[in-house]
1. Per residue, how much space in cubic angstrom lies within the convex hull of the C-alpha atoms of segment 84-133?
2. Of all the stretches in the chain, which is the longest one without any exposed loop site, taking GluC sites (Glu not before Pro) in a DSSP loop (any state but H, G, I, E, B) with at most 15 other Cβ atoms within 10 Å?
3. Students often check this: by mean Cβ neighbours within 10 Å, which of 70-78, 100-108 ranks highest, and how do the rest follow?
4. Grab the beta carbon distance between residue 139 and residue 47, set R0 = 41 Å, and tell me the FRET efficiency rounded to 0.05.
5. Per 0.36 nm of contour for each residue apart, how much would the distance between residue 107 and residue 76 grow if the chain were fully extended, relative to their Cα-Cα spacing?
6. How many nm separate the modelled label positions at residue 146 and residue 9, each set 7 Å beyond the Cα in the direction of the Cβ?
7. Identify which of the listed values of mean projected area of the Cα convex hull in nm² was calculated from the structure shown: (i) 17.9; (ii) 9.8; (iii) 19.2.
8. If you line up the Cα atoms of segment 108-150 on their principal axes, what length do they span on each, largest first, in Å?
Amino acid sequence: MPKDDLAARVAALEEAVARLTAAAAPTTPPAPSAPGTFWALEGLRDRLPAEAETGAVLFTGTVDLPTGEHYDWQLARPVDDLLGTDWSAHAGTLAALGHPVRLLLLRQVLLGTRTAAELAEQEGLGTTGQLYHHLRQLVGAGWLRSSSRGHYTVPAERVVPLLTILSGAIR
């Protein structure tokens, strides 16, 4: 290919990219958020200590379950603390959520199915042995608590974090 043809093609491509970029660029800056839109974020910023240079992460929730239980919960963590933590130390807690049957179990427990016998009647949870394997994994990771033999609950301090993780995963 002659140099002139290559140079002409490159110039044409550059011009086309410039036109596309100009067409995609906003002509006016985005409007500022309406007051109160980021009320939780504004509250977090107001409470950040001066030494929290990189910011913080906040999650909070108020939850009424079909069982009548009510939970109000919040947690804020400085970003420096989160980035300075060995995440691999928490792999087991997160891995326990990485199985479809365990997620189904957690959902069923939050909806009110609390005993192993009731859970065993649900579709898609496998054999009794498989069910108990998954229940042990969730109890070991702290996502479930066995309050009496064969009776399971999601600990109060785990309800909002669990729903927060799911909120982040659902697109």
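None of the figures in this text is laboratory data; all of them are computed from the coordinates on show. All of these numbers come straight from a predicted model, not from anything done at the bench. Ideal geometry is used to build each Cβ from the backbone, glycine not excepted, and the neighbour counts take in all protein chains shown.
1. In segment 84-133, the Cα hull volume divided by residue count equals 87 Å³.
2. 70-120
3. 100-108, 70-78
4. Plugging the Cβ-Cβ distance into 1/(1 + (r/R0)^6) gives 0.75.
5. 8.7 nm
6. 6.9 nm
7. This structure yields the entry labelled (iii).
8. The principal-axis extents, from largest down, are 24, 20, 17 Å.
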